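In what follows, a structure is listed as structure tokens, so that the remarks can point back to it.
Read-outs: derived from the displayed coordinates by stated rules, not from any lab. A quick note: this is a predicted structure, and the numbers were derived from the prediction, not measured. Glycine also receives a Cβ, built like all others from the backbone with ideal geometry; neighbour counts cover every protein chain displayed.
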Amino acid sequence: MLKRRRFKQQLTLQDRLSAWVKQVEEQASSLPPGPERDALLKKARQADVANHLHDWVISPGLQSPK
């Protein structure tokens with residue numbers, strides 16, 4: 001049986017997503033307007049929304065009913 005290669009991430013998922021969003025936005029800014037640029041910006045927005053949703057879910061304002 002093959003052994004699965006595992007390693008501990010140095011950065012959190014949110015940090016990695018934020019860095020990726022910045023990188024993709026820089027790439028998109030160097031492209032001319034068109035479908036390729038729109039696709040990159042759409043992916044960046046989706047990752048940014050995922051980050052905001054995670055922050056919202058872990059916020060202390062959300063408490064389970066008691």
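Taken about its Cα centre, the chain carries a charge dipole of roughly 620 debye when the Cβ of each Lys and Arg holds +1 and the Cβ of each Asp and Glu holds -1. Compared with the dominant principal axis of the Cα atoms in the chain, helix 35-58 is inclined by about 20°. Of the chymotrypsin sites (Phe, Trp or Tyr not before Pro) in the chain, the ones in a loop by DSSP (not H, G, I, E or B) with at most 16 other beta carbons within 10 Å are Phe7.
Pairwise Cα separations in the chain fall into 10 Å bins from 0 onward with the following percentages, short to long: 18, 31, 26, 19, 6, 0. Does anything in region 1-45 have its amide N under 16 Å from the 7 Å Cα→Cβ label point of Asn51, and if so which residues? Zone members listed by number: 11-29, 41-45.
Of the trypsin sites (Lys or Arg not before Pro) found in region 1-64, those that fall in a DSSP loop while having at most 15 other beta-carbon atoms within 10 Å are Lys3, Arg4, Arg5, Arg6, Lys8. Between Leu31 and Lys3, the C-beta separation translates, for a Förster distance of 35 Å, into a calculated FRET efficiency of about 0.25.
State, as an integer percentage, the relative contact order of the chain based on alpha-carbon contacts under 8 Å between residues 6 or more apart. Relative contact order comes out at 32 percent.
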